[in-house]
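The values are calculated or read from the model by the stated rules, or taken from the named source; none is laboratory data. Not measured: the values here are computed from a predicted model. Don't worry about glycine lacking a Cβ; one is built from the backbone with ideal geometry, like all the others, and counts go over all protein chains shown. SASA here: full protein model, heavy atoms, side chains in, ligands and nucleic acids out. Shrake-Rupley method; radii C 1.70, N 1.55, O 1.52, S 1.80 Å.
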Amino acid sequence: MAKEMIAMLLAGGQGSRLYALTQKLAKPAVPFGGKYRIIDFPLSNCVNSGIDTVGILTQYQPLVLNEYIGNGQPWDLDRLYGGVHVLPPYQQASGSDWYKGTANAIYQNLSFIERYDPQYVIILSGDQICKQDYSDFLKFHKEKGAEFSVAVMEVPWDEASRFGLMVTDANDRITEFQEKPKNPKSNLASMGIYIFNWDILKKYLTEDEADPNSENDFGNNIIPNLLRDNREMYAYHFSGYWKDVGTISSLWEANMEVLDPEHSGINLFDNDWKIYSRNSGMTGHKISAGAVVENSMITDGCRIKGTVKHSILFAGVKVEKGAVIEDAVIMGGTVVKSGAVVRHCIVAENVTIGEDAVVGAMPSEGENGVATIGAGVVIGDNAKIGPKAMVSKNVEGGEEQW
Amino acid sequence: MVKSNTSALGILFPNTYDALVPELVNVRLMASIPFASRYRMIDFILSSMANCGIDNISVMVNNNYHSLMDHLGSGREWDLVRKNGGLNIFPPFAEKNSKLYTGRVDAMASILDFLRSQKEKYVVIADTNIAVNFDFNAMIQDHIESGADVTSAYNVQEFPESFLRNLSNDKGFYYTFSIDNGRITKIYVNTKETGVQNFGMNIHVIDRELLIDLVNTAFVRGQQYFERDILLPQLNRLHVHAYKYDGYVARISGMKSYFDENMKLLDDYNLDALFSGSPIYTKIRDDNPTRYIEGAKVENVMVADGCIIEGTVENSILFRGVKVERGAVVKNCILMQDTVIQSGAQIEYLITDKNVLVSHGKEMRGTDTFPVYIAKGHTI
């Protein structure tokens, strides 16, 4: 039985620009928005779009991600035929290879796609926060009679040179591709989400693999080759919320935008497009007498006795009496002890912040950074962590780190 | 957590004590009454059993059980989707002369064939009107060591006055024990005595073969109740061992006690006592985290996911998906799933069932001794 479209999700990114957050964690497994991980977004989009077969290509630090995905049940992807499959590089008769590039990752799993004999394959990226209906994208692809389509976002012209750009004609047909050009001819940035006709994907991946000079990358190799051959290539305009959360500041920013759905456009309170996740199973959160909670998102298992303003707290965070949290993203299981002041920062999972410690600072003249504390770190009493610090080792009581 | 190779199966009676909370069971049954901001009553016993490796559990539903079926589904949330055992739901068997179960005896009599074909050595039976984080392995171990025929759990507590008021022989039974050297020597049915007593929890461990034998005999004689008709008359013949439970017990015995037992969990000490043991599982709703918008003022509350709070909330328990709009004031309330309190409304000592709407500017107050209950789906 053939599937109409299956998804291949690129989740091997090391996320090196997230530093302390991705020491032991692949980027798609980084927590986001109070109870999610980044990968919940593409997975939920798939299910909500009617795609029931997803291959997840992992490579870097896959343990947490593998365990998190499990049998795919939280996303309704535990299926008899199809469902979710984690696809790490594997040993073959001829030896094993790491995934050399995005295209090579898919190439090494052509036989996986073959099993489902789909008409179309959608290639997704595991490091974006986006709610998108892929079925609408597919409809566009079919209507245009395309062999390849790419989802694009309009970006401001002055930022266009940071992106891979699609130059199109009036009919949305792609005429040229510019990778981070100095002189952009278009402001349509590729979102790294592609729909291929299966036969085309297979043909070009196979040819690309045979080319010893190729970097085996979709942007650098496959798309230029498709253009060279004058294939039917179209750009699908997407106008919803989309954010690449590849850096500390963009990750922090996206979390803050969740607090303001009316303006930012990322609404997690959408019953028609739920984002699914693996739940913590903790009790409802508790806010004690004397606590202050303003403009924040708080989830199960939290115990708040201090002050929390404009922040996102993940499951099981404890904020003791007299502690102050502001403009911060505090991930699951972290304890903020009494008198500690935590501002404008990202604190990863299971961190302890000691009494009267200071972490981060609100932006001021010349000082603008998002302090970051890695998972499991202990910050001693009275320690001080500067606004640009990137902490991945314990900090003793009273010490300072900038 | 290591699951031992518990050789016990569980039987739950989700309708027991429905009569104590007639309002709450109008559209459901005791087992599916929402409790502690995101759970249903059955979650506690069910999770406790699952956590102890009891993974063959039968639920003897009697009436009003649609909400429970919906809640339990296939039992996946409690890890009870098993090829061997797992979760079984037994409604009254529909035959020509079928009638609802009246007591545990005829309920169990209807599944004797099932019980005969099982392999577990012991059976654990329990109701769902108590929220506990119960270690069944400890109780089974005690049962084995004592060499008893039956082991019955009890806790020592001040007798809840609501039991005296609400229960009579036509509505159901509660039991207190006289205990001598670990053995139950007397069982009192619906005692009118007050004060601290050995209060039966209606949790029993018994050898499966013996249970089949006892139930079969009692059923033939037209007897209905396990404690009253099987244990009580045979205390001389059967060794009924008393197992004292010292953990936290939240027992629903009426509307007031439902209110109080919820509110007690606002005290961290009680919350930790109930939840710090093994995890308690419940049905997942995939709500987003709760959002506190500018202007929200909250103190001393327990809140589940999916809520949007813009108003003032004090000393209250909020279930999933509750909305408290700007300027609304909620004090000493229990708001069940998807309750909406519109702007300017002021409520105090209210228990709102699911999907209640308190519209703009409305005021409504109960008292601490008489919380007002608003039925499911109503608009004020």
Could you state the number of Å between the C-alpha centres of region A:260-308 and region A:141-173? 36 Å
Per residue, how many Å² of accessible area does region A:241-346 show with a 1.4 Å probe? 31 Å²
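Classify region A:99-147 from the C-alpha gyration tensor, please: rounded if a/c falls under 1.5, else prolate or oblate depending on whether a/b exceeds b/c.
Judged from the Cα gyration tensor, region A:99-147 comes out oblate (a/c at least 1.5, b/c at or above a/b).
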Carbon and sulfur: what percent of region A:258-402's accessible surface (1.4 Å probe)? 44 percent
Could you name every residue in region B:256-274 that has 10 Å² or more less accessible surface in the full protein assembly than in its own chain alone (probe 1.4 Å, ligands and nucleic acids excluded)? B:LEU266, B:ASP268, B:LEU271, B:ASP272
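Looking only at other chains, what is the average number of their beta-carbon atoms within 10 angstrom of each beta-carbon in A:143-154?
If you average over the peptide's residues, the count of other-chain Cβ atoms is 0.
Please get the size of the charge dipole for region A:241-298, origin at its Cα centre, with Cβ charges of +1 on Lys and Arg and -1 on Asp and Glu, quoted in debye to the nearest 20.
Once rounded to the nearest 20, the dipole reads 360 debye.
Using protein heavy atoms only (no ligands, DNA or RNA), what is the total accessible area buried between A and B, 1.4 Å probe, nearest 100 Å²?
2900 Å²
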Note to self: with every protein chain in place and a 1.4 Å probe, chain B gives an accessible area per residue in Å² of 39 Å²
Kindly work out what percent of the DSSP beta bridges joining two residues of chain A are antiparallel, to the nearest 5. 30 percent
Which residues of region A:246-289 bury at least 40 Å² of accessible area once all protein chains are present, versus their chain alone (1.4 Å probe)? A:PHE269, A:LYS274, A:ASN279, A:GLY281, A:THR283, A:GLY284, A:HIS285, A:LYS286, A:ILE287
Rounded to the nearest 5, the percent of DSSP beta bridges in chain B running antiparallel is 35 percent
Counting only protein heavy atoms and using a 1.4 Å probe, what share of the accessible area of region A:1-137 belongs to carbon plus sulfur, as a whole percent? 47 percent
Given a Förster distance of 41 angstrom, what is the FRET efficiency for A:GLN73 paired with B:HIS360, based on the Cβ-Cβ distance and rounded to 0.05? 0.50
Sequence gap at least 6, Cα distance under 8 Å: using those rules, report the relative contact order of region A:254-391 to the nearest whole percent. 14 percent
Gap in Å between the Cα centre of region A:225-240 and the Cα centre of region A:48-72? 27 Å
Ranked order, B:TYR65, A:TYR116 - accessible area, probe 1.4 Å, largest first: B:TYR65, A:TYR116
Using alpha carbons only, how many degrees (0 to 90, rounded to 10) separate the axis of helix B:208-220 from the longest principal axis of chain B? 90 degrees
Report the accessible area of B:THR102, computed with a 1.4 Å probe over the heavy atoms of all protein chains in place, in Å² rounded to the nearest 10. 60 Å²
In region A:239-286, how does Rg compare with the Kirkwood Rh, expressed as the Rg/Rh ratio over alpha carbon atoms? 1.02
Do you know which residues of region B:14-38 lose at least 10 square angstrom of accessible area in the protein assembly compared with their chain on its own, with a 1.4 angstrom probe? B:ARG38
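Considering all alpha-carbon pairs of the protein assembly as shown, what whole percent are spaced by more than 47 angstrom? Intermediate values should be presented prior to the final figure.
Values: 96926 of 305371 pairs.
Cα-Cα pairs in the protein assembly as shown separated by more than 47 Å: 32 percent.
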In percent, what relative contact order does chain A have, based on Cα pairs under 8 Å that are 6 or more apart in sequence? 13 percent
Accessible-area ranking of B:MET336, A:MET390, A:MET153, largest first, probe 1.4 Å: A:MET390, A:MET153, B:MET336
If packing is taken as the mean number of other Cβ atoms within 10 Å per residue, what is the order of A:204-210, B:31-37, B:353-359, highest first? B:31-37, B:353-359, A:204-210
Put B:SER253, A:SER161 in order of accessible area, largest first, 1.4 Å probe: what do you get? A:SER161, B:SER253
Suppose R0 equals 51 Å. What FRET efficiency, 1/(1 + (r/R0)^6) with r the Cβ-Cβ distance, do A:LYS203 and B:SER74 give to the nearest 0.05? 0.70
Which Cα, out of B:LEU46, B:ILE125, B:PRO92, lies furthest along the positive dipole direction of region B:21-144 (beta carbon charges, K/R +1, D/E -1)? B:PRO92
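What does the C-alpha gyration tensor say about the overall shape of region A:241-384? Classify as rounded when a/c is under 1.5, otherwise prolate if a/b is larger than b/c, or oblate.
Because a/c hits 1.5 or more and a/b fails to exceed b/c, region A:241-384 counts as oblate.
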State, as an integer percentage, the relative contact order of chain B based on alpha-carbon contacts under 8 Å between residues 6 or more apart. 15 percent
Given a 1.4 angstrom probe, I'd like the percentage of the accessible area of region B:34-93 that is carbon and sulfur, rounded to a whole number. 48 percent
From the Cα gyration tensor of region B:50-166, with a ≥ b ≥ c the square roots of its eigenvalues, which class applies: rounded if a/c is under 1.5, or else prolate if a/b is larger than b/c, or else oblate? rounded
Chain B: calculated mean residue ellipticity at 222 nm from DSSP helix runs of at least 4, using -39500 (n - 2.57): -5500 deg cm²/dmol
Tell me the label-point distance for the pair B:LYS171, A:LYS100, using the 7 Å Cα-to-Cβ offset, in nm and rounded to one decimal. 7.9 nm
From the cross-link list B:LYS121/B:LYS192; A:LYS318/B:LYS323; A:LYS27/A:LYS274; A:LYS318/B:LYS264, which pairs have alpha carbons spaced over 26 Å apart? B:LYS121/B:LYS192
Compute, for region B:105-167, the length of the dipole vector about the Cα centre, with Cβ point charges of +1 (Lys, Arg) and -1 (Asp, Glu) only. Units Debye, rounded to 20. 200 debye
With all protein chains modelled, accessible area of B:ARG228 [1.4 Å, Å²]: 80 Å²
Out of all DSSP beta bridges in region A:340-391, what portion is antiparallel? Express it as a percent rounded to 5. 10 percent
